[in-house]
Amino acid sequence: MAPHPPRSAQPRRIGLTGGIASGKSTVAERLTELGAVVIDADELARRVVEPGTDGLAQVIARFGPQVVGEGGGLDRARLGQIVFADDTARRDLEAIIHPRVRALAATLRCCHPGRVVVEMIPLLVETGQSGAFDEVIVVDLPEDLQRERLVRRSGLTPAAAEARIRAQASRDQRLTAATTVFDNSGDRAALIAQVDQWWRELHA
Ligand code: ADP
């Protein structure tokens, strides 16, 4: 009987990141179509403060009942106003949410043997996690185009869009952390073609 092939010790950890409105969700959607399991840190960040969680209890303890909406869930708009205006408040919120998201992601990523797991983490670079990944995919585009797409998608004013972009890592900081770059300065088809090419190389 042939011996078992050697098991690779650990699956590769693959992170997907990019600035706001860079095209991460578009990439994630395509990866899912191709058969990857995408763990979405934003979705996890919502789950860890759902009604009944200790995460929500901690947020209320820090910010007060004013951040609870009708129905007992978090009033995200209200909380957003508070943390966008106050760096200390933002860091306090992150200190509640980020460890819980990481713990949940660790639980989820080990449950898909044989599948390619990609962790989509908007603040991967900002939270200093690049070193934890074997591969860091960055969706990249010039900032003027990023602002334009953000305005179109969100209805924010250009100044508000600019503030959101400024609150994140710079394009250069992200590119320094990247092991793979998807250039999203072209149309959607050009982005998808890069994802497909990456997927083919991964399976070659
Ligand atoms: P993110 O998840 O990084 O915030 P999205 O994938 O949601 O970014 O893309 C941001 C916005 O830009 C969306 O409205 C999306 O439909 C649009 N978009 C993404 N890629 C392109 C592209 N290559 N050309 C035009 N619009 C795009």
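The values are calculated or read from the model by the stated rules, or taken from the named source; none is laboratory data. Because the structure is a prediction, the values reported are computed rather than measured. Cβ placement follows ideal geometry from the backbone for every residue including glycine, while neighbour counts extend to all protein chains displayed.
Scoring Glu162 on the criteria (1) more than 15 Å from the ligand (Cβ to nearest atom); (2) among the acidic types (Asp, Glu); (3) in contact with a strand residue (DSSP E or B) (Cβ under 9 Å, 6 or more places away or on another chain) leaves a single failure, condition (3).
With respect to Glu94, determine if the residue is over 13 Å from the mean Cα position of the chain (by Cα), at pLDDT 95 or above and among the acidic types (Asp, Glu). When the stated conditions are applied, Glu94 does not pass them.
Checking Ala169 against (1) closer than 19 Å to Val27 by Cα; (2) within 16 Å of the chain's Cα centre (by Cα), which test does it fail? Going through the list (1) closer than 19 Å to Val27 by Cα; (2) within 16 Å of the chain's Cα centre (by Cα), Ala169 breaks only (1). Among the residues of the stretch 182-204, those that are within 14 Å of the ligand (Cβ to nearest atom) and either surrounded by 13 or more Cβ atoms within 10 Å (Cβ to Cβ) or of a type in the set (Lys, Arg) (or both) comprise Phe182, Asp183, Asn184, Arg188, Leu191, Ile192, Ala193, Gln194, Val195. Only one of the numbered conditions (1) basic (Lys, Arg); (2) within 30 Å of Trp198 (Cα to Cα); (3) surrounded by 13 or more Cβ atoms within 10 Å (Cβ to Cβ) is violated by Arg115, and that is (3). Tallying residues that are within 12 Å of the ligand (Cβ to nearest atom), within 13 Å of Ile192 (Cβ to Cβ) and β-branched (Val, Ile, Thr) within the stretch 18-37 yields 2.
Across the stretch 128-148, the qualifying residues are those that are surrounded by fewer than 17 Cβ atoms within 10 Å (Cβ to Cβ) and not small (Gly, Ala, Ser), and the one among them that is farthest from Ala178 (Cα to Cα) is Glu148.
Results for (1) surrounded by 18 or more Cβ atoms within 10 Å (Cβ to Cβ); (2) out of contact with any Pro (no Cβ under 8 Å at 6 or more places or on another chain); (3) under 30 Å from Leu175 (Cβ atoms), shown as yes or no for each residue.
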{"position": "Ala21", "(1), (2), (3)": "yes, yes, yes"}
{"position": "Leu34", "(1), (2), (3)": "no, yes, yes"}
{"position": "Ile39", "(1), (2), (3)": "yes, yes, yes"}
{"position": "Gln58", "(1), (2), (3)": "yes, yes, no"}
{"position": "Ala61", "(1), (2), (3)": "no, yes, no"}
{"position": "Ala89", "(1), (2), (3)": "no, yes, yes"}
